Amino acid sequence: MSDAERKMQFLFQLRQKGVTDARVLSAMEKVDRGDFVRGHFADRAYDDMPLPISCGQTISQPSVVGLMSQALNVQPRDTVLEVGTGSGYQAAVLSHLARRVYTVDRHRSLTRAAELIFTRGGYSNITVLTADGCFGLPEQGPFDRILVTAAAEDPPGPLLAQLKIGGSMVLPVGQSDHVQSLIKVTRTEQGFDYEELMPVRFVPLVEGLAAD
Ligand code: SAH
């Protein structure tokens, strides 16, 4: 299959799974998922499946990345926080939709690898930090949008506190060994509105920094 055919098929799969937002599709067309997948799995980079990355983590399925980005409804002037850098793929997609993206992971080896890919790829509006994302980034917040790509039992309080009024957060909630729910939390003047979006399965949000 030629590169062009592979790209067409990739976008076709996304549309079939419900990714219809033109800005999200265009962002996903610009980011080569192959840059974020290494080793034996490199030839599966354009298939709609999650794949293993280092540190026992996974790069999410492209259609889930698309549906989450679409649900987050990122605006061009937004500052976005992503918790769970992993491979860096989701952050790269967000970087085409937002003004600035902060992405954090508890594994230093993952943030280092992602940073290298961002530098090489010329992604100049992404800041990568090694941190426990359960606490968010109080110094860089508040944020217009927050995306969490690891499952918590409940939305972490510090992340809710770092959402702007009118801002929203998309995150999987539920126990790690069960099917989880992707939810969208919107901060209003009065409090928070919750909306359930779809069943998903993510690795758990783990407290504290990892050794690697
Ligand atoms: N968004 C990623 C996939 C994320 S996998 C991608 O596009 O490839 C989930 C990631 O969340 C893992 O890398 C894991 O290390 C990270 N994670 C889990 N708990 C965390 C925490 N408390 N703070 C920051 N990152 C965390």
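Going toward the positive end of the dipole of the stretch 72-121, with +1 on Lys and Arg Cβ and -1 on Asp and Glu Cβ, which of 86, 75, 119 do you reach last?
It is 119.
Using the Cα centre as the reference, give the magnitude of the dipole from point charges on the C-beta atoms of the stretch 3-200 (Lys, Arg: +1; Asp, Glu: -1; all else neutral), rounded to the nearest 20 debye.
Value, rounded to 20: 520 debye.
Per the Cauchy relation, a quarter of the hull surface: what is the mean projected area of the convex hull of the alpha carbons in the stretch 3-200, in nm²?
Seen from a random direction, the Cα hull of the stretch 3-200 projects 10.5 nm² on average.
Lysine pairs in the chain with alpha-carbon atoms under 21 Å apart, 8 or more places apart or on different chains: how many are there?
5
So who's got an amide H within less than 5 Å of the one on residue 200, skipping anything under 5 residues away but keeping other chains? H placed 1.01 Å off N, in plane.
For residue 200, whose amide H was placed from the backbone, the distant partners under 5 Å are 180, 181, 182.
For n ≥ 4 DSSP H runs only, could you compute -39500 (n - 2.57) per run for the chain, divide by its residues and tell me the 222 nm figure to the nearest 500?
Roughly -8500 deg cm²/dmol at 222 nm, from the helical runs in the chain.
Compute the Rg/Rh shape ratio of the stretch 94-202: radius of gyration over Kirkwood radius, all on alpha-carbon atoms.
Taking Rg over the Kirkwood Rh, I get 0.98.
Values in this text are rule-based calculations from the coordinates and carry no lab data. All of these numbers come straight from a predicted model, not from anything done at the bench. For neighbour counting, all protein chains shown are included, and Cβ atoms are generated from backbone atoms with ideal geometry for every residue, glycine included.
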